[in-house]
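Encoded as structure tokens, the structure appears first; notes follow it.
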């Protein structure tokens, strides 16, 4: 059953994302009928990491400076060690993330992905999870960190690592199908 037809979802990434943390949610979204755009501060392509080595390259559909959350139903933030750190340095990426929270739209972040949410200043008083090394940063930014495979808080879906992808993808699709979450506004 295609639950997300007529939905457009942005996956925001930089070079150095964890391959499966982008490809698995992207496939799940497309299987559910969504249109998915890879959005990046990079203009042409982004390069993944797999098992601590560089791996595949994927084409960038939209440059982050040219997009706004109004055009999308949800945002996905894959992890990887380098990706979130690079996104945190992009004013346009942080602006794009904040727009989703301002509009109450679903956001899904896995592994190290929630790091860019700290820079966007949208984690205070939110229940979240992440890769364990990010937990202190989230707690210091005011989040309520939980060690669970998936945590949902008013449209914000977070998971710890690639092993959690089945639960992450399921909850992400569920939250996107529910649409805008009124209580999410930052």
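Quick look at the values:
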quantity: Lone qualifier among 25, 59 - being touching a helix residue (DSSP H, G or I) at 6+ places or on another chain (Cβ under 6 Å) and either within 24 Å of residue 103 (Cβ to Cβ) or in contact (Cβ under 8 Å) with a residue 12 or more places away in the chain (or both); calculated: 25
quantity: Residue in the stretch 28-55 that is nearest to residue 79 (Cα to Cα), counting only those that are surrounded by fewer than 18 Cβ atoms within 10 Å (Cβ to Cβ) and touching a helix residue (DSSP H, G or I) at 6+ places or on another chain (Cβ under 6 Å); calculated: 50
quantity: 3 or more residues closer than 25 Å to residue 23 by Cα, touching a helix residue (DSSP H, G or I) at 6+ places or on another chain (Cβ under 8 Å) and free of Cβ contacts under 8 Å to residues at least 40 places away in the same chain: qualifying helices (runs of 4 or more DSSP H) within the stretch 91-144; calculated: 91-102, 115-119
quantity: The stretch 1-27: number of residues that are within 22 Å of residue 150 (Cα to Cα) and either under 14 Å from the mean Cα position of the chain (by Cα) or surrounded by fewer than 20 Cβ atoms within 10 Å (Cβ to Cβ) (or both); calculated: 17
quantity: Any hit, the stretch 148-161, residues being surrounded by fewer than 23 Cβ atoms within 10 Å (Cβ to Cβ), in contact with a strand residue (DSSP E or B) (Cβ under 9 Å, 6 or more places away or on another chain) and part of a helix (DSSP H, G or I); calculated: no
quantity: Number of the condition not met by residue 168 [criteria: (1) in a loop (DSSP other than H, G, I, E, B); (2) at pLDDT 95 or above]; calculated: (1)
quantity: Of the criteria (1) loosely packed, with under 15 Cβ neighbours inside 10 Å; (2) touching a strand residue (DSSP E or B) at 6+ places or on another chain (Cβ under 6 Å); (3) more than 23 Å from residue 173 (Cα to Cα), which one residue 91 fails; calculated: (2)
quantity: Whichever residue in the stretch 77-88 is in contact with a strand residue (DSSP E or B) (Cβ under 9 Å, 6 or more places away or on another chain) and farther than 18 Å from residue 45 by Cβ and, among such residues, is modelled with the lowest pLDDT; calculated: 81
quantity: Scope the stretch 56-87; condition within 16 Å of residue 110 (Cβ to Cβ) and surrounded by 18 or more Cβ atoms within 10 Å (Cβ to Cβ); matching residues; calculated: 74, 75, 76, 77, 78, 79, 80, 83, 84, 87
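The values are calculated or read from the model by the stated rules, or taken from the named source; none is laboratory data. Small disclaimer: the values here were computed from a predicted structure and weren't measured. Counting neighbours? That spans all protein chains shown, and the Cβs are built from the backbone with ideal geometry, glycine included.
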